[in-house]
Amino acid sequence: MAVQTIAPISDEEVALFRLLRQVNLAPEASQRATAVALGVSLGRLNALLKSAVAAGFIQISDRASADRRQRFSYVLTHRGAAEMVRLRDQFLARKFAEYDALHAELTGTTSGYIPTTHRTQMMQNNLAPIPELYVSFESAQKMKHEAGNLTSHDLTPRQICDLELLMNGGFNPLKGFLSEADYNGVVENMRTADGHLWPIPITLDVTDAFADTIELGQDIALRDQEGVILATMTVTDKWVPNKAREAEMVFGADDSAHPAVNYLHNTAGNVYLGGPVTGIQQPVHYDFRARRDTPNELRAYFRKLGWRKVVAFQTRNPLHRAHQELTFRAAKGAQANLLIHPVVGLTKPGDVDHFTRVRCYEAVLDQYQPSTTTMSLLNLAMRMAGPREAVWHGLIRKNHGCTHFIVGRDHAGPGKNSAGDDFYGPYDAQDLFREHQEEMGIEMVDFKHMVYVQERAQYEPADEIEDRDNVTILNISGTELRRRLQEGLEIPEWFSFPQVVEELRRTKPARSKQGFTVFFTGFSGSGKSTIANALMVKLMEMGGRPVTLLDGDIVRKNLSSELGFSKEHRDLNIRRIGYVASEITKNGGIAICAPIAPYATTRRAVREEIEDFGAFIEVHVATSIEECERRDRKGLYKLAREGKIKEFTGISDPYDVPKDPELRLDTEGQDVDNCAHQVILKLESMGLISG
Ligand code: PPS
């Protein structure tokens with residue numbers, strides 16, 4: 001048995017904890033009322049307050065009341081709130097250790113008992129409340145007011161998801177964004193500095209410019225994208241991470257084909273800040289509110305219904321019949337109730353949007369017994385880290401009160417790497433989970449691939465079919481399903497539920513009815529604009545969808561007139577074009593873009609943004625730089641050669657040649673009409689326009 005050393009609790013700490021808790025509960029109370037609540041004299045209270053104020057745990061404000069005893073109000077500072085949580089955890093750990101030692105003395109074994117914060121009733125571990133990082137409503141009101149003066153960090157969508165789960169206990173035992181020591185431990189061996197199993201770095205990445213304004217020990221306000229303060233954080237650590245190492249260790253390869261590695265290198269800031277978080281309020285969600293539950297809400301629900309065993313099913317896809325069968329089997333096998341726990345935060349780029357998915361889940365829920373099954377939405381930002389992600393998902397589900405967790409084939413798989421191979425083996429996630437499940441306190445229900453056996457009209461795990469040579473095995477892959485949806489082809493009833501198919505067809509009409517973006521890229525003078533114009537006219541002649549041309553020159557005049565040609569400005573210019581094109585695509589139109597767009601990473605970011613809504617067709621207008629310079633229609637190459645125009649693409653600024661464009665046009669020796677026609681043929685072959 002591992003011997004835990006736990007600091008003894010001093011009387012001073014007990015007194016401080018009780019004071020902080022009382023101030024947190026009733027910050028407006030008079031001194032007398034506070035003294036009574038604590039059972040101490042006014043003199044003792046004053047002494048306690050004085051030292052808590054000196055330590056920066058409590059702040060006093062003057063209410064200018066005539067009554068001396070009502071004159072001051074006290075509020076926990078961010079540091080005070082964090083100290084309160086630390087002391088509480090320490091007390092619980094201490095009591096636990098005492099209990100465990102006594103148990104061992106009496107019985108010769110450890111108790112396996114985990115401390116709860118709820119003492120009135122003996123509860124199963126998975127049902128007892130878990131610690132959150134929120135302060136009381138009253139303190140939150142005050143802190144929110146004060147935090148207005150703090151330096152603010154505007155959280156990214158991913159950080160908002162992470163923060164929500166930190167604050168509501170979904171990421172228990174983390175108490176904030178990882179410190180440098182915790183980060184190193186998590187990256188290297190999946191453990192925080194104090195030994196807790198934690199496979200995914202939860203980091204607050206910021207820009208260099210923001211990091212330069214922050215000093216260690218400083219409190220900062222964390223705001224959502226509308227500027228609402230959700231939490232404060234005391235910055236204890238600031239460092240520049242080794243991102244290549246993080247990618248290798250956490251995601252298995254420093255390969256930008258992995259969506260999280262791409263995010264790490266091309267979206268995340270260069271500097272990480274770490275420190276404890278004090279929760280002020282939950283992020284606001286306007287959608288599906290009744291379907292969102294915090295870990296403690298789910299635990300309370302399970303408690304109320306007497307669900308002692310709960311198996312969770314994680315998903316980022318619509319549910320089809322195979323999933324239903326798998327969840328039925330899992331619940332039956334574990335003799336447990338079922339929690340369908342889909343992720344609605346951030347999933348893999350290109351996934352079906354969560355609005356559509358939730359409507360699909362709701363339609364399928366009728367297939368389940370309401371007395372045995374429930375569904376709740378999880379605002380998690382997935383990383384697609386395969387094996388590590390499976391362990392992470394298990395820990396999160398354990399925090400949500402589940403006792404079992406389903407891990408299927410290729411759990412949280414990111415797709416193919418840049419060499420065209422899978423990042424992880426199909427059952428690596430199950431292996432890693434199995435290795436750690438005892439420590440995690442949640443049991444894996446593992447599944448092999450489920451396939452449909454036509455003769456028996458049912459789904460079965462592929463590896464359990466003994467008579468596979470005598471039966472017809474049917475299966476539709478995710479790619480095949482997308483193809484059928486895109487082309488408006490039949491989706492058989494054995495594969496999915498009619499309501500789900502209808503819902504999917506409604507949001508994703510056949511490709512010939514969807515919006516799309518044609519994105520020309522190439523040197524200045526390569527012929528992008530001329531071909532784009534010809535294409536526009538041809539598409540308008542066909543009719544059916546509105547067509548918008550976002551030519552480089554037009555955009556620079558109307559959208560980006562203040563921008564120059566530095567890398568930063570070019571990126572901004574292309575991102576603006578990408579944003580407008582994604583809106584056009586989303587709304588069923590055709591966007592034709594024709595900027596130089598010299599950087600591959602920016603083109604990829606635009607592609608990802610657009611592919612959420614429709615097809616992205618990258619067309620490389622591959623006219624050589626020599627030919628462009630020879631033509632020099634605008635006389636710019638001459639000026640660039642003379643050094644009169646700086647940072648000129650192809651002359652004094654780089655151009656990343658597209659590696660895998662949908663189409664490469666060789667304009668030399670081909671007329672414009674022919675080039676535009678090739679694009680039309682490509683669109684036809686992709687099913688975007690009918691022949
Ligand atoms: S970028 O890199 O995509 O933002 O460039 P883009 O907006 O497409 O550029 C539009 C036109 O700007 C002219 N121009 C330059 N191009 C490249 N480098 C430098 N330094 C520069 N300065 C001005 C150039 O004529 C581009 O026009 P096109 O339509 O490509 O010929």
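No value in this document is a laboratory result; all are computed from the given coordinates. Nothing here was measured: the structure is a model prediction, and the numbers come from that model. Cβ sites come from the backbone with ideal geometry, for glycine too, and all protein chains shown count toward neighbours.
Things to note:
- Bridgeable aspartates and glutamates around K634 (alpha carbons under 14 Å apart, same-chain partners fewer than 8 residues away excluded): D553.
- Here the label points at E502 and L102, each 7 Å from Cα along the C-beta direction, are separated by 6.1 nm in the simple model.
- Under 5 Å from the amide H of V451 lie the amide H atoms of E460, A462, each residue being 5 or more positions distant or on a separate chain, with H modelled from the backbone and absent for Pro and chain starts.
- When each of K50/K144; K538/K682; K513/K586; K243/K567; K528/K586 is checked by Cα-Cα distance, pairs over 19 Å: K50/K144; K243/K567; K528/K586
- The string of couplings for the range 311-324 from the Karplus curve (6.51, -1.76, 1.60, θ = phi - 60°) is 9, 9, 10, 8, 8, 10, 10, x, 7, 10, 4, 4, 5, 4 Hz, one whole number per residue in order, with x for Gly and Pro.
- Between D553 and A33, the FRET efficiency from the beta-carbon distance, with R0 = 60 Å, is close to 0.25.
- Prolate/oblate/rounded label for the range 569-616 (Cα gyration tensor, a/c 1.5): prolate
- Along the range 652-663 the Karplus relation, 6.51 cos²θ - 1.76 cosθ + 1.60 evaluated at θ = phi - 60°, assigns HN-Hα couplings of 10, 8, x, 9, 7, 5, x, 7, 9, x, 5, 8 Hz to successive residues, with x for each Gly and Pro.
- Between the range 296-357 and the range 588-629, the Cα center-to-center distance that results, in Å: 39
- Förster radius 51 Å - calculated FRET efficiency between A300 and M542 (Cβ-Cβ, nearest 0.05): 0.30
- Our note on the geometry: Cα centres of the range 192-233 and the range 654-684, 45 Å apart.
- Cα centroid separation, the range 481-513 to the range 378-392 (Å): 28
- The gain in end-to-end length when the E248 to S566 segment is fully stretched comes to 111.4 nm, 0.36 nm per residue minus the alpha carbon separation.
- Each Lys and Arg contributes +1 and each Asp and Glu -1, all at the Cβ; summed about the Cα centre of the chain, the dipole is approximately 2140 debye.
- The DSSP beta bridges internal to the chain are antiparallel in roughly 40% of cases.
- Scanning residues 5 or more positions from L550 or on other chains, those with amide H under 5 Å from its amide H are I592, C593, A594, with H placed 1.01 Å from N in the peptide plane.
- ³J(HN,Hα), Karplus 6.51/-1.76/1.60, whole Hz, each residue of the range 515-528, x for Gly, Pro: x, 7, 10, 9, 10, 7, 9, x, 5, 4, x, 6, x, 4
- Gyration tensor verdict on the range 328-456 (Cα atoms; rounded if a/c is under 1.5, prolate if a/b is larger than b/c, oblate otherwise): rounded
- Ranking of K528, K557 by count of other Cβ atoms within 10 Å, fewest first: K557, K528
- Taking 17 Å as the straight-line reach from the Cα of K142, the aspartates and glutamates in range (excluding those fewer than 8 positions away in the same chain) are E28, D62, D219.
- Per-residue ellipticity at 222 nm from helix content only, as computed over the chain with -39500 (n - 2.57) for each DSSP H run of at least four residues, stands at -12500 deg cm²/dmol.
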